[in-house]
Amino acid sequence: MFRYFVRRVLQGVLTFFGATFIVYALMFANQDDPLQALAGERPLPENVRQALTERYHLDDPFILQYGHYMRGLLTGDFGISLTNRPISEMMAQAWPVTIRLAVFAIIISALVAVTAGIVSGIRRGGIFDTTTLVITLILLSLPIVVLAPLAQLLFGVQLKWFPATAGAEPGFYQLMLPAMVLSCLVIATQIRVTRASVAENLRSDYVRTARAKGLANRRVIGVHVLRNSLIPVVTLIGVDLGNLMAGAIVTEGVFNIPGVGFNLFRGIRTEDGPLVVGFVSVLVIVFLVVNLVVDLLYAVLDPRIRYE
Amino acid sequence: MRGQFPLKMAVGATAIMLLAAGCSGGGDETSAADAVISIGLGEPQHLIPSNTTESNGAEVLAALFTPLIDFDADNKPYTVAAESVESTDNKVWTIKLKDGYTFHNGEKVVADNYINAWNHAAYGPNGNGGSYFFERIEGYKDLQSKDPDGEEGPQKAPDPAAKTMTGLKKVDDLTFTVTLSEPFSGWRSVMGYTVFYPLPNAAFASEGVLKEDYEQAPIGNGPFKMKGTWQHDSKIETEAYADYAGEKPKVGGVTYKIYQEQTAQYADLMGGALDVVTQIPIENLASAPADLGDRFKTGPNSVFQFVGFPTFLPQYSKVEVRKAISMAINRKEITDNVFRGSQSPATSFVSPAVAGYRENSCGAPCTYDPAKAKADYEAAGGPKQIKITYNADGGHKAWVDATCNQLKTNLGVDCVGVGEPKFADLLTKVEKKEDVGMIRLGWIMDYPLMENYLGPLYGTGGSSNYYGYSNPEFDNLVKQGSAAPTEDEAIKLWQQAEDILARDMPVIPLRLGQNVYGHSERVKNVEVDKFQKVEILKIEATS
């Protein structure tokens, strides 16, 4: 187990450097004239171009720029964005709100998906099962660019159940609607996986054995079926957490939440290399850690799995 | 079990509604004059006057600072923080400041505040985006330096020869003179721009160097002062400055709420969480008049949208071809259907936001006449294929395609719209003299003078003359206008210059911008001016 852990961490370090290098190279290739992008359609005065080029090392060749950036990154200095704000400060503002949003969304989706998945797994073909099937199909086919503004218009503007936007320091209540919208991204898949897993386990030998020796139905399902059915779901939820943080670009835009997705979008739009790479680096770490935790959790949940 | 679900949902919904009611039910005890109103905003790039050339920053700075000059309804300049701005030869301008104005930290506003701020703004290595506004002042060139081996080279630019402009001189505490390198009758209007605000001594860490964190909480001389610091991506709070010497604002404070998307601003306006939206996004224009009723408003601004003909493309070199294309475009149809009235047809080469604007100075070539257009086009032997290049990130596809369809129908030619990812990509192609066809361009004025359209857009080597139009006769008239002894005479000469444009047709004027804005029931007297800023001294709270 310990050797496995160490190996994974070392692999993680390699992945981290590889990913940041690729992202940095992509941003560099995309970058044609970030200073002009900053100025919009206005002509950029020569003196401004000169001063900013020097400040951001834009005239250095790629490998020098990357080296410069990595040296900063490893000492904890994320550099400054093209709008002259320290990126570490932008992160300190963006990460907490995105994490809150993503965790909230995960809790909502897990609660709904596990409950609905179990019920429809037990009563396959019933009305509830069919209804959830239809709803999940609709959710899967509605892209978030439609879903988010629609939910905002309906529940925020017309019914006024929730505030229309969440803002920079949202409370529990402000985050409710965006979190529900965001959870729709993953809820459908989670329901299907839970349902399939429960259905499969219900047919397995050990359940038949448990029933045969006269265990109450409640205990059969509550202890034996559930515990084994949730293993794939836990994995899925773990991986989804990373996806939600990275995939909140649309939701954060619609509900005006200045989080990670928004900063990534802004960075790409303004060709702000350091900003994008900074956020992606942290995202890479989040993915690596979450994946590792999920894999370790797997072993805890399922005694059959042993890591060497 | 099945039956329980709807009930649970109903209970949940009720709970949420109660929660919502509890949140919004708080009584509003403050009177109208103390009320804090909110205005929607995008994240500003900077809040240093000399580095603020985009509208978000300018909007906030207009509350924090008082300009020397402002403009009345006819676009004529009048003094605000200045007692008088006078010149006998349009070269040496004497500016007398009003007594009694103070910065928010209590410092008295004196001539040195302007001189120091302007020198800092003009000093090349400071990299201020608005420094080119100062290039008319004598000595500006000495504050710049050129990189000896170009941007890519290893050498760094040497320090400029001087740190202060010779054209700025203090006479006494409240008087200073500005000497221009050439006479310019419109200088009074130029000084109305954001970059000409003064800076307090407290803004400087040492001589000529601004404090790092000054822009996080700018100290100005305006009707409102910062409350706390700039909360990036969130909000900027201001409150009325009690010791303000000028016209007092009618509200207790303004909170600028920062949004990434205009649609989110509009949703908040509808949801009751925002008071003013200065630009209603095109997605909401269909429903906005009904949603807002008489709180939906429009007014002119200075935006001018047009397409240019790169002079290096031989197929558009005949003026008859250019005029025929212009005649074949039904501008009204596009502004009504694509822009839903948020823009209006342009038939002149300058915007109505400037004094001297004449309606339809372009004349027949800008009047829709498909039959004559086709006849002229064929007679002149126009190209079989027309191309319009635009930047795809600016929402231009819809109208470019519509224009192309009109040209196809009316001229019987093939027409394609080509989207480049960004405006900079479009410029790169133009620089390389590739076949880009007509290019989409737009312009927002910096100061309300005809010259601010004529010079940069059509002058030889003008800063935004990307198509390379050059006519010495035109240049000469613009120059004479700038040097004319009075503003009225200047306007006359500039109008003659505009007539040359109508003859040469270097670009096709297409549309004029409109401010399309809306506000909540909590505020009244909301006006958005031609610079797309809310009239901060007029706005009032209703209760």
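Here is how the numbers come out for the structure above:
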| item | result |
| --- | --- |
| Built amide H within the under 5 Å cut-off of B:Tyr259, gap 5+ | B:Leu41, B:Gly42, B:Glu43 |
| Sequence-separation-based contact order of chain B, relative, with Cα cut under 8 Å and 6+ spacing, percent | 18 |
| Space enclosed by the convex hull of the alpha-carbon atoms of chain A, per residue, Å³ | 162 |
| Whichever aspartates and glutamates have a C-alpha closer than 17 Å to that of B:Lys225, once near sequence neighbours (fewer than 8 apart) are set aside | B:Asp34, B:Glu59, B:Glu107, B:Asp213, B:Glu215, B:Glu237, B:Glu239, B:Asp243, B:Glu247, B:Glu535 |
| Note, ³J(HN,Hα) from phi for the range A:221-228, Karplus 6.51, -1.76, 1.60, rounded to Hz, x at Gly and Pro | 6, x, 9, 7, 5, 4, 4, 6 |
| Overall form of chain B per C-alpha gyration tensor (a/c, 1.5; a/b vs b/c) | oblate |
| Lys/Arg +1, Asp/Glu -1 at C-beta; chain A dipole; positive extreme among A:Ser141, A:Ala212, A:Thr20 | A:Ala212 |
| Most fluctuating residue given options A:Pro232, A:Pro61, A:Pro149, as computed from a GNM of chain A linking Cα atoms under 10 Å | A:Pro61 |
| The range B:450-543 - charge dipole about Cα centre, Lys and Arg +1 at Cβ, Asp and Glu -1, debye rounded to 20 | 360 |
| Check: chain B dipole with +1 on Lys, Arg Cβ and -1 on Asp, Glu Cβ, in debye | 1300 |
| Cα gyration tensor shape for the protein assembly as shown, rounded if a/c is under 1.5, else prolate or oblate | prolate |
| For B:Asn515, residues with placed amide H under 5 Å, excluding near neighbours | B:Gly299, B:Asn301 |
| Whole-Hz ³J(HN,Hα) from phi, Karplus 6.51 cos²θ - 1.76 cosθ + 1.60, for the range B:256-267, glycine and proline x | 8, 8, 8, 10, 8, 10, 5, 5, 5, 4, 5, 4 |
| Other-chain or far-sequence residues with amide H under 5 Å of B:Ala82's (modelled H) | B:Lys98 |
| Under Karplus coefficients 6.51, -1.76 and 1.60, residue-wise ³J(HN,Hα) of the range A:2-11 in Hz, glycine/proline x | 5, 4, 4, 4, 4, 4, 5, 4, 5, 4 |
| Listed pairs B:Lys141/B:Lys169; A:Lys160/B:Lys533; B:Lys96/B:Lys169; B:Lys257/B:Lys297; B:Lys387/B:Lys432 exceeding 22 Å between Cα atoms | A:Lys160/B:Lys533 |
| Residues of type lysines that B:Lys492 reaches as a straight line, Cα spacing below 18 Å, ignoring anything fewer than 8 places off in the same chain | B:Lys76, B:Lys479 |
| Cα-based reach from B:Lys163 at 20 Å (exclusive), listing aspartates and glutamates while leaving out same-chain residues under 8 positions away | A:Glu46, A:Glu54, B:Asp112, B:Glu135, B:Glu138, B:Asp142, B:Asp147, B:Glu207, B:Glu212 |
| Given charges at beta-carbon only (K, R positive; D, E negative), |dipole| of the protein assembly as shown in Debye | 4440 |
| Whole-number percent relative contact order across the range B:331-480, with pairs defined as alpha carbons under 8 Å at least 6 apart | 20 |
| Among A:Leu264, A:Leu283, A:Leu14, residue whose mean-square fluctuation peaks in a GNM of chain A (springs only between Cα atoms under 10 Å) | A:Leu14 |
| Whole-Å distance, taken between Cα centres, linking the range B:71-96 and the range A:80-132 | 59 |
| Tensor-based shape of the range A:1-114 (alpha-carbon gyration tensor, a/c under 1.5 rounded, otherwise prolate or oblate) | oblate |
| Cα-based helix-to-principal-axis angle, A:62-74 vs chain A, degrees rounded to 10 | 60 |
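Since every read-out is calculated from the coordinates, none of them should be taken as a lab result. Just so you know, these numbers come straight off a predicted model, no measurement behind them. Reconstructed Cβ throughout: ideal geometry from the backbone, glycine too, with neighbour counts over all protein chains shown.
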